Structures are given as structure tokens and as C-alpha cells.
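What follows is one structure encoded as C-alpha cells, with my remarks underneath.
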Amino acid sequence: MAPSDTTHRAAAALRAAHDDPLLHARDWAARGRPVVGYVGADTPVELITAAGALPVRLTGRPGRDTRRARAYLDGAVDPHTVNLLAGLLAPEGPALDLLVLTHDCDASVQLFHTLRELRRIRAEELPPFHFADLLHLPGEATRRYNLRGLRRLADQLGAWRGAALTPAELEEAVAAHNTARAARRELRGRRAAELSGADALRWYTAGTVMPPGLYARTLTEALSAPGTPPPGRPLLLSGSAHDTAAVYDTLEAGGWRVVGDDHDSGDSADQPPVTEPTLEGLAEHYTREVRPATARTARERAGAAAAGVKEGRAEAFLCYCRRHDDAHRWDFPAQRAAAPVPSALLHDQPYGEIDTTGLDALSDRPATEVAS
Amino acid sequence: MTGRQRLAAAGAALSHQREWFAGTRAEAERGRPLALVNADAPQEIFRAMDVPYVVNQWWASIISAKRMSGRYLEALRGRGLPDDIEQYSALPLAEALAPRADDAPWGGLPRPSLVLAECTGDSMRRMFGLWESELGVPFLPLESAVAENVPTEWWTLMRHDWESAVGPARIDLLEQELRALVPRLEELTGAAYDPDRLAEVMALSNEQAEWNRRTRDLLARAPRCPVPVNDVIPAVMIPQWHRGTRWATSAAENLYREVSALVEKDHAVVEDERRRLMWIGRGLWFDMNFYRSFEESHGAVFVWSMYLALAADAYARYGEDPLRALAARFCAFRDQMYTPPWSVEWYVKEAKEHRVDGVVHLISPDSRSSWFTTHALEAAGVPVLEIRADNADGRSLDPSALHRQVADWIRALP
């Protein structure tokens, strides 16, 4: 079945949302509705939606002037997060009614601490923000702690909009995000055979900046006709998360095709549905099912590498680490051992870029390590 | 009077530590369970179970002081693991993964029966997980939680009103984790947990903290600095790792009495004390003599390191329930030294109370919020020299260049 105009339009809409991450936020705000930015792969977006706001995951912009932000976020902090702070500090930054941050990785925590201190010493103008400290060890203590944190965030969102969140609003929000999850599951299942890696990432990313129901409909429409992926040697990508397709575009222009990825913005966005539309249900979901890369063990990531290679028929495995987002390097030996294909580790990579010289090693040799 | 003789408390602590480690090592080799525990994790639980433990960062400091860090870190690299991330915490793992050799520090760390660490940052859980996956040593992780809001002057609240300083959510979390941890520890070690024993351990450790507070206050008030910081560090930190024992409490008391006597006698590290300096950051383990190398040439003495100050302010927790008090001791421990506003306001308070002329601020690659620390000190009128290096990895800086840099900065102080 050939793609219809509707399918093309849906794909274009997803691409537009990726290319202009505030597109839908502006539209939402123009209709007088609040926009809540968020930082963190494990943000409980259902609560934001239930509060009547549009949850928009903040994205960086390669090339942005980050000098002022880097001064505050000193030390070994992921340049992606520094870029986010630079966006928040810029006069032309996103017009947010509220910002929510989570503990998905250390850089997000550092960003929160930096914003909190900048606010305390009154060094910068900032939007109001809340921190949701969702944690991910498997114990019951963690689930209880997360439930408490979700209750607190729900109360904060209720106070912010002037009315408590109702069970009906939460149920409706959970249903909307579950439709988005179902569409993403379909995307995950078909990406390797039907899409370039860059388009798959764009389509995932669109889901973090569009209203969930609209995203589900658009993605479903875009997937309604089988696609034909561009040629390229299949590659499984791990390591740092990507909020733009820049690195994917470079890889694929160089003869690769990213058939799968285990970072927090890629295939990990494929989550099971929230089964109980309550705070207890969200606590269970965000403790056990939404686990950022930092919360997964080396063994789990090695297992994912082996499965990803098999599912995507990948011929090579790449662990890409941005400078200061290098904790993934602890997992690489286990991933390398588990993935039955040539493997490479690139670390110290700049945000939004990749030094592809190290990829030559993926031709035959089993593994290598390259730092720019 | 001035002099370079070592503090008796430092010498006694160092002797005790060697003796203790030799005994612990021998017992471990005979099969007694041994735990390796991160510095910011609740070691008292092991004390209450009579399970010996080695503190990960203390052992890293020994490796570094013996200048073995480079060799061990190469062993990590040889396995494809990073040798340039969190080296301080990674050194004991690196040693365990390196080929055994006769020149291991103090005979080498015996293979622990378990490792315990809080999941701080992105690396800690992965790094400690390698003990389990590579060496078969069970890893028991604890969460590292973050509070949204905290009162600023934690040091006025922590001893008695820690519930409001830390907040109940984080305390509940760690308390529940500890309750779940105890049966697992009992299973792994064969030892029994005794809540009454924990109460004794907490009482002793609180007493130790009080002696440390007296010593810190004494040093802050002394007209001239009576003791070198590189003596104070071992005199405080070695007993710190034995927290909850009568020996450690006595050692803290002995340090206080010795310092007190020196102040009485108007003893000074530098007769003509012209500059009082503060060292913010971890100890420069591979060159502890650095701290004394500006005394004769510049009349400059380091009067402060975080080790005594933390021992004075950061550990004491009084309360009816010892397990909850223990949770309160550790669930926000790192925030006290690394997270603003707690860290920065505390450093400013300490700088003022110690009347320092300048701060040397060591910024390790994993340091947190260092801009705010420097900014707050400078806003308070305290000059700051920032140094970027890893404290445990001697490869990361040139000692002579560092010395020149600090010497030039001291000369330029107003």
C-alpha cells in the first residue's frame, strides 16, 4: 500500500514537532492554556496533563551560546543539560508557565540545584519550578517514597492552577498518554524495517512536545502505510540520550542506519501502559516501568544490547557518550561481551555532534574505544 | 613556641589504624565477613552487628598515598572500564581487579563479603555493581534522594531537629531501606543485628562528634593556628571511620585535650602567622606535605579542612529511635558539603569563624555547584583560588606547578 497524502502529512507533522519543539507549546499558549516544561525522562506527564497543561520536554539546541550556563553548571555536567540551562536563561527562551524537573540522571539533579540556588540568590529570572524526586531501586521503600513525591507534585500542580486535580482528570490524562504509549510501541516494532534511525528518533521526540492524543493519532497515521528505510549498515546505538536527530543524521549520512537505541529518548520511550489511573498506579509505573538508563544495571543493558542486535539485525554496536555523560562507559564491557557484532565506544563527544573517525573500527574488529 | 613535631593524636590514630587493619585483614583471611562501605553510607549498622568494615574512600586514600592509583586505574582501563571517572571511589575496585602483587598497600584489601553504597550520581551504582558482576561480591545499593526545599542553616538544626532540617520523606526512605537491609546483612554475614547495640553506637558517635565540635571551635577561636591541618585530618578521620567505638570517642577527646593544651601554651604552627588559609575540597592524598609548604616561605597556614568541620557539624544526631537517627545522619549527608544552599552557607560561616584570609578551592571533576561556593565566599569578601584536579589521582596535576600557583596567589592576597 502506497503512503497516502494523509500519511505524508502526518510524517511531516511529526518532523515539524521535532524541528520546532515549541511549535505546539506556542499554539497551546495562544489558546490561553498553560504550558509546563519538563526535564527528565521519567517525568510523570499524566499529572501535568491532568492539570490542564501541555507537558513539553525541554530540548537543547546545538550551537547555542552556553557560556553563562556553563559558569553556573560548572564541573562534569552533561553539555546537553548545560544547553537546557542556557535556553532557560536566554531572553528568547521558552515561555513556560511552570517547569518540572526529575531525578532521571545526575545532570538533571545538578540543573535543579543550580536553578534553586540561582533563585535563592536572585541571580537570574526564572520560571517557577518543582522537583519530583522519583527514584528507581526495586525496593518497596523506593515505591513508597515515589508515591509520596507524586502526591506532593499533584498537590503542587493543584495549587499552581488553583484547583486540586480530580480522579476523573487523572483518569483522562492516563488514558491519553496510554494511547501515545500504544502508538510508540508500534513505532518501536516497525522502525528497524521501515524507517531511518533519524526519523524514528524524530517521531519519538515529537511525542514529548505534542499533546498526547494528537501525537497518538498523528503517529498512528504516519505508520499506517509500510515505509521503506534508506540503505545503510544496521547499527544499534547506546549511551547518551539524544533530543535532536543531529547525531543520527551524521551517522546515516556516513552509511549507517540506526535500527535501535536503548537511550532515554529512543526505544526506551516504549513503555507498557499505566494500568491503574491513580497516584498509586503512577507510583508503580514510574518506579518499575519507567527506568532511565542510569537506573538500569550493566547486566540489563547488556541484555538489551543482545536483544536489540537480534531484533534489528544490527551488524554493529555503538556506545556514544557525550563529554561528562560518561557513566555509560561502566556498562560498555558488558554490552560489548553480549552483543555478537563489532562494537565501539565513542566518548567525550560534544553535544549534537559525533566524531565518526572512530567508527572505522566497526568494520571488522570486535571492539574499540575512541575519545575525541 | 613553634615546631614540626606530629600531634600525638595523629600518631596514635595512624598507629591504631595500621594495627586495626592488620588484624582485620588477618581475620578476613581466616574467613570472617568483611564489608566495604562507602564513606557516606550508614556504617553504624555494621558496628551494631559487630561486622568489620573498611571505608571505600579511606582505602582509596591509602592507595593514593602509596602512589599506587595510576597502576590500579590502568587495570580498569585494561578491562575497557573508565579510569577517569570518579577515580576516588573507584580505586578499591581497581585494586581488586588488578593482578595481585606483593607491593599492595598494607598487604592489600581482602576480598570483601559485601559492598554497600548509596547511588549518588550516575556512576556509583554502576561502579559498585561491578563488584558483584566481576568479582561475585554482593552489592547492596541505597537510594540517594534529593529534597526540593531545605532550611539554609542546617548546622543549627541537625543535632536535635533533624526532622525539620532534612525532612521526613528522605528519612523515612532510608529508615525503611535500613529495615529491609538488616535481614539481608544477617544472611550474608551470619551476624545478628541488635537495636540496643545500635543505640550505644549512636550515643558514642554523638559523643565523638561533640568532642570534634569542641576542637573545631577551639581552633576557630585560637589566636594562631596551633596544629597543622595534615595532622588534624588523620587525627579526626581515622577515628571517624571507627565511629561508635570507645576508642574513637576517646581519640576525639584526646585530640581536643591535646589541642587545648597547645592553645594554652600559645603554640603556633607558624610563629609569624601572616595568612590563614582554608582548603575546600577533598584532601590532596598524594601530597599531604603540600599543606605545610607555605609556612616558612609565606607565613601561611591552612587552618581549615572540611574533615574536622564535618566531624563537628555533620554527624551528631540525637533521638529516641537510633535507626531513624542513623537514617537522618546519612540520607542528606553529601548535601552538607556539596549542595547549595547548605554547602555554600556553611563554608562562608566556617571561613568567617576561622578568620581566613583566603580559600583554596579544589574542584574535582565530580565536584558539585562549585561556582556557587566560590561566588558566596567572594561575595563575603574572602578571596578564592580554584584548582581543578582529582584529589586521588596523582596523574591529574603537577605538584610543583600547583605549589607555584598557590604561592603566587598567597603573595597577591590583600
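The values are calculated or read from the model by the stated rules, or taken from the named source; none is laboratory data. The model shown is predicted, which means the values in this text are computed figures rather than measured ones. Neighbour counts run over all protein chains shown; Cβ positions are idealised from the backbone, glycine included.
A few points about this structure:
- Exactly one residue among A:ARG190, A:ARG202, A:ARG185 is surrounded by fewer than 18 Cβ atoms within 10 Å (Cβ to Cβ) and under 16 Å from the mean Cα position of the chain (by Cα), and that residue is A:ARG185.
- Qualifying residue in the stretch A:100-112 (condition: surrounded by fewer than 20 Cβ atoms within 10 Å (Cβ to Cβ), in contact with a strand residue (DSSP E or B) (Cβ under 9 Å, 6 or more places away or on another chain) and not small (Gly, Ala, Ser)): no
- Residues (without any contact (Cβ under 8 Å) to a residue 12 or more places away in the chain and either within 18 Å of the chain's Cα centre (by Cα) or not in a helix (DSSP H, G or I) (or both)) located in the stretch A:76-122: A:PRO91, A:GLU92, A:GLY93, A:VAL109, A:ILE121, A:ARG122
- Close pairs (7 angstrom Cβ cut-off, 6 or more residues apart or separate chains): surrounded by 23 or more Cβ atoms within 10 Å (Cβ to Cβ) in the stretch B:277-288, of a type in the set (Asp, Glu) anywhere: B:LEU277/B:ASP357
Each row is one residue, and each column tells you yes or no for (1) of a type in the set (Asp, Glu); (2) more than 12 Å from chain B (Cβ to nearest Cβ).
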| residue | (1), (2) |
| --- | --- |
| A:GLU311 | yes, yes |
| A:ALA316 | no, yes |
| A:ARG323 | no, no |
| A:GLN335 | no, no |
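- With respect to being in contact with an Asp or Glu (Cβ under 9 Å, 6 or more places away or on another chain), over 20 Å from A:THR208 (Cα atoms) and either of a type outside the set (Asp, Glu) or surrounded by fewer than 24 Cβ atoms within 10 Å (Cβ to Cβ) (or both), A:LEU89 fits the description.
Yes/no per residue for (1) at pLDDT 95 or above; (2) hydrophobic (A, V, I, L, M, F, W, C):
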| position | (1), (2) |
| --- | --- |
| A:PRO273 | yes, no |
| A:GLU284 | yes, no |
| A:ARG296 | no, no |
| A:PRO333 | yes, no |
| A:ALA338 | yes, yes |
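- Taking the criterion of being small (Gly, Ala, Ser) and modelled with pLDDT of 95 or more, the residues of the stretch A:73-112 that qualify are A:ALA86, A:GLY87, A:ALA107, A:SER108.
- Residue in the stretch A:143-153 that is among the hydroxyl-bearing types (Ser, Thr, Tyr) and surrounded by fewer than 24 Cβ atoms within 10 Å (Cβ to Cβ) present: no
- All conditions but one from (1) away from chain B (no Cβ under 14 Å); (2) at pLDDT 90 or above apply to A:ASP364; the one that does not is (2).
- Of the residues making up the stretch B:50-59, those that are within 18 Å of B:PHE139 (Cα to Cα) and not in a loop (DSSP other than H, G, I, E, B) are B:TYR53, B:VAL54, B:VAL55, B:ASN56, B:GLN57, B:TRP59.
- Members of the stretch A:261-274 found to be in contact with a strand residue (DSSP E or B) (Cβ under 7 Å, 6 or more places away or on another chain) and either part of a loop (DSSP other than H, G, I, E, B) or of a type in the set (A, V, I, L, M, F, W, C) (or both), listed by number: A:ASP262, A:HIS263
- Members of the stretch B:191-238 found to be among the basic types (Lys, Arg) and surrounded by 24 or more Cβ atoms within 10 Å (Cβ to Cβ), listed by number: B:ARG216
- Filtering the stretch B:347-386 to residues that are within 9 Å of chain A (Cβ to nearest Cβ), in contact with a helix residue (DSSP H, G or I) (Cβ under 7 Å, 6 or more places away or on another chain) and of a type in the set (S, T, N, Q) leaves only B:SER369.
- Entirely in the stretch B:71-186, the helices (runs of 4 or more DSSP H) that have 2 or more residues that are free of Cβ contacts under 8 Å to residues at least 40 places away in the same chain, within 11 Å of another protein chain (Cβ to nearest Cβ) and not aliphatic (A, V, I, L, M): B:124-135
- Of residues in the stretch A:50-71 being within 10 Å of A:LEU84 (Cα to Cα) and among the aliphatic types (A, V, I, L, M), the one nearest to the other protein chains (Cβ to nearest Cβ): A:ALA69
- Residue in the stretch A:363-372 that is surrounded by 22 or more Cβ atoms within 10 Å (Cβ to Cβ) and among the aliphatic types (A, V, I, L, M) present: no
Quick grid of which residues meet (1) outside any helix (DSSP H, G or I); (2) within 16 Å of A:ALA222 (Cβ to Cβ); (3) not β-branched (Val, Ile, Thr):
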| site | (1), (2), (3) |
| --- | --- |
| A:PRO3 | yes, yes, yes |
| A:ARG9 | no, yes, yes |
| A:LEU14 | no, yes, yes |
| A:HIS18 | no, yes, yes |
| A:PRO21 | yes, no, yes |
| A:ALA25 | no, no, yes |
| A:ALA29 | no, no, yes |
| A:GLY37 | yes, no, yes |
| A:ALA41 | yes, no, yes |
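- Odd one out for B:GLN5, checked against (1) modelled with pLDDT under 95; (2) more than 19 Å from B:PRO141 (Cα to Cα); (3) in contact with a helix residue (DSSP H, G or I) (Cβ under 6 Å, 6 or more places away or on another chain): (3)
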